[in-house]
Amino acid sequence: MLLERINSPEDLKKIPLSELSSVAYELREAIISACSQNGGHLAPSLGVVELTIALHRVFDSPVDKIIWDVGHQAYAHKILTGRRDRFNTLRTLNGISGFLKRDESPHDIFDAGHSSTSISASTGFAVARDLEGRKNKVIAVIGDGSMTAGMAYEGMNHAGHLNREQIVILNDNEMSIAENVGALSNFLIRTASSDFVQKFKKDVESFLKRLDVGKSMLRVARKAEDAFKGLFTPGMLFEAFGFDYIGPVNGHDIPNLIETLENVKKFDHAVLIHVLTRKGKGYKPAEEDPALFHGVGPFEIASGKVLKGKGGAASYTALFGTTLCRLAADNPKIAAITAAMPEGTGLTAFASEYPDRFFDAGIAEQHAVTFAAGLAANGLRPVFAVYSSFLQRAYDQVFHDVCLQNLPVVFAIDRAGVVGNDGSTHHGAFDISYLRHLPNMTIMAPKDENELQHMLASAFEYDAPIALRYPRGNGYGVPLDQGFMTIPRGKAELLREGKDGVMLAFGSMVYPALEAGEQLDRMHGISMTVVNARFVKPLDKALFLGLSDKFEKFITLEENALMGGFGSAILEFFEEEGVVGKCILRLGYPDASIPQGEQHELRSMLALDVQGIVASSLRFMTRS
């Protein structure tokens with residue numbers, strides 16, 4: 001196999017040009033094999049195999065800086081840069097990351113997990129290079145889906161103004177995760193490969209060849225041709241930003257890609273290369289359903305059939321979606337918003353049933369939040385369904401546009417807590433901390449899927465900003481009530497009464513706390529009261545003050561960073577209320593990056609599974 005001879009980009013350069021298509025085939029086989037076992041971002045990486053080969057053939061990584069946007073399309077890059085032997089560990093605990101990691105390889109130039117950062121980062125690299133007098137090349141590779149985010153254009157605007165020696169490669173497959181939305185996306189799709197533009201170009205070229213005029217007239221005619229073509233191509237947009245536009249280029253034609261990159265390598269200014277690729281190329285199931293295979297779990301290679309996990313309870317995401325549809329049937333003011341994640345956030349059914357009230361804002365979380373605020377200010381009840389780690393990108397808008405105005409926007413925060421194999425960039429570890437101190441905000445989390453549907457219904461009864469957080473994965477299979485009940489805002493739930501201490505659990509930690517409480521009682525004779533806090537803000541002051549009169553030892557449990565989290569809220573509450581002399585153990589996430597791995601592996605590592613909770617609680621309760 002050719003791939004066995006490639007352990008670095010230098011090895012790739014030794015492969016004859018005629019054999020690079022075979023390298024592309026073997027790369028696809030390796031990527032499909034690893035993703036079939038571990039899951040991963042299959043379709044994006046399959047689409048850029050030839051482009052990756054061309055990049056590492058032409059440029060000298062890591063001296064030349066290749067910066068991949070998001071990073072979920074960089075699997076071929078990882079294999080070609082010395083990680084082939086470990087690629088089967090992709091996305092597993094202590095294995096190869098599914099994204100770019102600077103501490104994993106010197107060829108991973110800039111950590112990435114969220115979109116639209118590559119142009120800004122590459123501009124920084126270009127300026128730093130020039131200030132230090134170096135001569136290396138800087139290349140950003142960004143997908144057309146990432147070009148729906150405002151940050152990409154902020155980076156383009158600055159980079160074009162500086163006009164440093166910098167290359168941006170736009171990987172255009174007309175699809176990010178869901179179908180791209182927005183006027184800019186539609187503009188990109190109007191490429192120079194259209195029949196009309198191609199015919200027009202040929203006609204103009206033929207006409208110019210027949211002109212018997214001086215050079216000045218010929219220049220005028222060619223400028224007229226360029227101006228007219230600009231009306232039909234995305235080149236007009238990018239050249240307005242100050243970039244020289246090249247393309248579109250066939251992203252699966254290795255010789256043509258290499259020739260184009262070799263030519264552009266000589267430029268001394270900002271240039272954008274528009275490359276057309278097919279997402280999922282080389283694997284028929286991924287080509288036919290690129291949305292499914294954008295980020296897929298383990299699957300059968302022969303059929304493309306995704307291997308389902310354990311059956312039983314529905315996922316929190318799915319139940320959120322069905323509950324929102326039920327509520328919207330009776331409330332015409334409910335609207336749903338996503339930032340390019342309708343499937344991932346459970347809104348596909350809502351989009352189908354209520355298309356006039358469903359809005360995909362593209363990869364633009366900041367806009368989505370302020371858009372929701374505008375809807376709410378005009379009397380609607382918007383729900384922005386978003387992953388916890390993605391909401392971080394819109395922090396100022398949550399504060400300035402929603403909370404300051406006390407607008408009733410519901411933030412349905414999916415993937416709160418550890419998410420698993422996507423790793424540190426995707427764990428929902430901070431939303432309690434970054435939302436809790438915002439004025440007017442209510443933060444709640446359900447103990448199970450039945451409570452989720454009641455909390456979502458209750459959110460529309462509270463006339464204020466609401467953050468409803470819930471974890472990735474399935475619920476517990478508890479029976480679902482047919483009707484909805486309103487949970488009083490800030491009201492906790494006493495689940496188990498004990499005599500030795502109190503466990504205050506929030507959200508996904510409630511059931512583990514209950515089981516740990518049973519084990520402590522049964523195996524160690526320690527009797528714990530267990531409370532489902534339900535709310536971090538506001539807290540149930542009456543219940544918690546009553547417990548403080550009876551107990552000396554308290555344990556708080558949460559899936560969030562301990563700094564500024566639920567446990568911190570309890571400490572602050574006791575201080576504000578003058579409660580003294582209490583011993584408090586806070587269980588949650590440490591002040592450190594949490595790695596990738598299965599959810600159960602990470603909870604065990606963090607001592608947040610039942611065994612870890614029992615061990616921590618036992619040490620705490622028996623400490624003198």
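The values are calculated or read from the model by the stated rules, or taken from the named source; none is laboratory data. Computed from a predicted structure; not experimentally measured. Glycine gets a Cβ as well: all are built from the backbone with ideal geometry, and neighbour counts include every protein chain shown.
State which residue is surrounded by the fewest Cβ atoms within 10 Å (Cβ to Cβ) when the search covers only region 69-84 and only residues that are of a type outside the set (Gly, Ala, Ser) and farther than 18 Å from ARG28 by Cβ.
At the first step, the residues of region 69-84 found to be of a type outside the set (Gly, Ala, Ser) are 69-70, 72-73, 75, 77-81, 83-84.
Remaining after also requiring farther than 18 Å from ARG28 by Cβ: 69-70.
Working: ASP69: 31, VAL70: 25.
The extreme case among them is VAL70.
I'm checking my understanding of the structure. Among residues of region 247-261 that are crowded, with 20+ Cβ neighbours inside 10 Å and of a type in the set (A, V, I, L, M, F, W, C), which one is modelled with the lowest pLDDT?
Restricting to residues being crowded, with 20+ Cβ neighbours inside 10 Å and of a type in the set (A, V, I, L, M, F, W, C), the top hit is VAL249.
Just one of ASP60, ASP111, ASP130 is surrounded by fewer than 21 Cβ atoms within 10 Å (Cβ to Cβ), assigned by TED's automatic domain parsing to the domain that holds SER36, on the phi < 0 side of the Ramachandran plot and under 22 Å from the mean Cα position of the chain (by Cα); which is it? If you could, list the steps in order and put the result at the bottom.
Working: ASP60 fails: under 22 Å from the mean Cα position of the chain (by Cα); ASP130 fails: under 22 Å from the mean Cα position of the chain (by Cα).
Matching residue, one of ASP60, ASP111, ASP130: ASP111.
So which of LYS447, LYS499 is charged (D, E, K, R), touching a strand residue (DSSP E or B) at 6+ places or on another chain (Cβ under 6 Å), at pLDDT 95 or above and outside any helix (DSSP H, G or I)? Walk me through it before giving the result.
Values: LYS499 fails: touching a strand residue (DSSP E or B) at 6+ places or on another chain (Cβ under 6 Å).
Going through LYS447, LYS499 in turn, just one is charged (D, E, K, R), touching a strand residue (DSSP E or B) at 6+ places or on another chain (Cβ under 6 Å), at pLDDT 95 or above and outside any helix (DSSP H, G or I): LYS447.
So how many residues does region 459-484 have that are more than 25 Å from PRO382 (Cβ to Cβ) and outside any loop (DSSP other than H, G, I, E, B)?
Looking only at that region, the number is 1.
If you check LEU407 against the conditions, is it assigned to a helix (DSSP H, G or I) and not assigned by TED's automatic domain parsing to the domain that holds LEU90? Don't jump to the end; show me each part of the working.
Working: assigned to a helix (DSSP H, G or I): no; not assigned by TED's automatic domain parsing to the domain that holds LEU90: yes.
No, not satisfied.
Sort through VAL264, VAL271, VAL275 and tell me the only one that's farther than 27 Å from PHE390 by Cα, buried (at least 17 other Cβ atoms within 10 Å of the Cβ), within 24 Å of the chain's Cα centre (by Cα) and in the same structural domain as HIS161 (by TED's automatic domain parsing).
Working: VAL264 fails: within 24 Å of the chain's Cα centre (by Cα); VAL271 fails: within 24 Å of the chain's Cα centre (by Cα).
Unique residue meeting the criteria: VAL275.
Can you name the number of the only condition in (1) crowded, with 22+ Cβ neighbours inside 10 Å; (2) hydrophobic (A, V, I, L, M, F, W, C); (3) touching a Ser or Thr at 6+ places or on another chain (Cβ under 7 Å) that ILE487 fails?
Of everything listed in (1) crowded, with 22+ Cβ neighbours inside 10 Å; (2) hydrophobic (A, V, I, L, M, F, W, C); (3) touching a Ser or Thr at 6+ places or on another chain (Cβ under 7 Å), ILE487 misses just condition (1).
So which residues in region 544-569 are hydrophobic (A, V, I, L, M, F, W, C), within 19 Å of GLY517 (Cβ to Cβ) and surrounded by fewer than 24 Cβ atoms within 10 Å (Cβ to Cβ), if there are any at all? Steps first, please.
In the first step, residues of region 544-569 are kept if they are hydrophobic (A, V, I, L, M, F, W, C); the result is 544-545, 547, 551, 554-555, 557, 561-563, 566, 569.
Now narrow it down to the ones that are within 19 Å of GLY517 (Cβ to Cβ): 544, 547, 551, 554-555, 557, 566.
Residues satisfying the conditions are PHE544, LEU547, PHE551.
In region 506-533, what residues are closer than 18 Å to GLY473 by Cβ and among the charged types (D, E, K, R)?
GLU515
Looking at the structure I just gave you, is ALA302 buried (at least 18 other Cβ atoms within 10 Å of the Cβ) and among the small types (Gly, Ala, Ser)? Quick ask: steps written out before the conclusion?
Values: buried (at least 18 other Cβ atoms within 10 Å of the Cβ): no; among the small types (Gly, Ala, Ser): yes.
It is false that ALA302 is buried (at least 18 other Cβ atoms within 10 Å of the Cβ) and among the small types (Gly, Ala, Ser).
Out of curiosity, is THR425 touching a Phe, Trp or Tyr at 6+ places or on another chain (Cβ under 7 Å), more than 21 Å from VAL383 (Cβ to Cβ) and surrounded by fewer than 23 Cβ atoms within 10 Å (Cβ to Cβ)?
When the stated conditions are applied, THR425 passes them.
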